[in-house]
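Engineer: What follows is a structure written as structure tokens; I'll ask about it next.
The values are calculated or read from the model by the stated rules, or taken from the named source; none is laboratory data. These numbers were taken from a predicted model, which means no experiment stands behind them. Positions of Cβ are generated from backbone atoms using ideal geometry, with glycine treated the same way; all protein chains shown enter the neighbour counts. With ligands, DNA and RNA removed, areas are computed over all heavy atoms of the protein, side chains included. Shrake-Rupley method; radii C 1.70, N 1.55, O 1.52, S 1.80 Å.
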Amino acid sequence: MRHLRLFVCAVPLVLFSVGCDEKLSDLTGPTPNLSPTFSSIQKDIFSTQDSSGRLACSSCHLPGGAAAGTGLFLTDAATSYAALVGRGSRLKPGETLVIPGDPDNSYLVRKLEGGPNINGLRMPRTTGPFLTEGQMLVLRRWIKEGAANN
Ligand code: HEC
């Protein structure tokens with residue numbers, strides 16, 4: 001019976017229309033309000049340190065910060081969106097940070113998952129905590145759905 005339930009739950013989970021007794025907040029762990037919109041990603045991931053102890057991206061990705069050389073400023077939604085969607089990586093020429101509809105090839109996703117084929121380190125530098133699987137599912141879903149400025 002347990003196997004059956006796992007199977008029945010796994011299918012909607014993959015499609016991300018979370019069903020059964022799983023709530024979205026169970027998946028997104030340290031950021032229970034995270035949803036696949038850009039404003040939510042900005043608020044819960046880029047701008048905020050979460051309860052796992054993961055650093056806010058904006059603590060380094062700001063003018064004069066540790067990541068200033070990347071030109072990738074993640075300080076507020078308008079700035080982050082303009083710096084990410086359809087924009088090239090400065091440190092790995094030829095890569096695009098966010099390719100609408102294509103999370104696997106979006107360089108942002110690969111930097112956060114630790115590969116494949118990244119220059120520099122996995123984000124957030126340097127030893128994590130990194131984003132959880134659930135947080136990555138939400139981010140991937142936002143890109144898959146077209147990376148809207150929503
Ligand atoms: C402790 C400082 C620090 C934190 C926190 C941090 N970064 Fe970075 N980030 C850097 C530095 C320094 C680089 C350039 C060197 C490298 O890529 O390893 C960088 C590079 C990047 C790049 C590649 C940019 C390019 O043009 O190739 C991306 C994408 C990125 N960070 C995203 C993030 C995100 C998203 C977060 C939060 C989840 C984050 N970073 C948190 C310091 C940080």
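Engineer: Across region 108-128, what is the number of residues that are open to solvent by less than 40 Å² (accessible area, probe 1.4 Å), basic (K, R) and within 6 Å of the ligand (Cβ to nearest atom)?
Structural biologist: 1
Engineer: If I ask for residues that are part of a loop (DSSP other than H, G, I, E, B), open to solvent by 50 Å² or more (accessible area, probe 1.4 Å), within 11 Å of the ligand (Cβ to nearest atom) and farther than 15 Å from P129 by Cα, which ones from region 48-82 would you list?
Structural biologist: Matches in region 48-82: L62, A66, F73.
Engineer: Out of curiosity, is L131 near the ligand (Cβ under 8 Å from one of its atoms) and under 15 Å from D44 (Cα atoms)?
Structural biologist: yes
Engineer: Among the residues of region 83-100, are any at pLDDT 95 or above, away from the ligand (no atom under 13 Å from the Cβ) and over 19 Å from T70 (Cα atoms)?
Structural biologist: Within region 83-100 (the criterion being at pLDDT 95 or above, away from the ligand (no atom under 13 Å from the Cβ) and over 19 Å from T70 (Cα atoms)), the answer is yes, since at least one residue qualifies.
Per-residue answers, yes or no, for (1) more than 19 Å from A77 (Cβ to Cβ); (2) in contact (Cβ under 8 Å) with a residue 60 or more places away in the chain; (3) in a loop (DSSP other than H, G, I, E, B); (4) touching a helix residue (DSSP H, G or I) at 6+ places or on another chain (Cβ under 8 Å):
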position	(1), (2), (3), (4)
K111	yes, no, no, no
N117	yes, no, yes, yes
L121	yes, no, yes, no
T127	yes, no, yes, no
F130	yes, yes, yes, yes
L137	yes, yes, no, yes
I143	no, no, no, yes
A147	no, yes, yes, yes
N150	no, yes, yes, yes
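Engineer: If we scan region 25-45, do we find a residue that is near the ligand (Cβ under 10 Å from one of its atoms) and either assigned to a loop (DSSP other than H, G, I, E, B) or within 16 Å of the chain's Cα centre (by Cα) (or both)?
Structural biologist: Yes.
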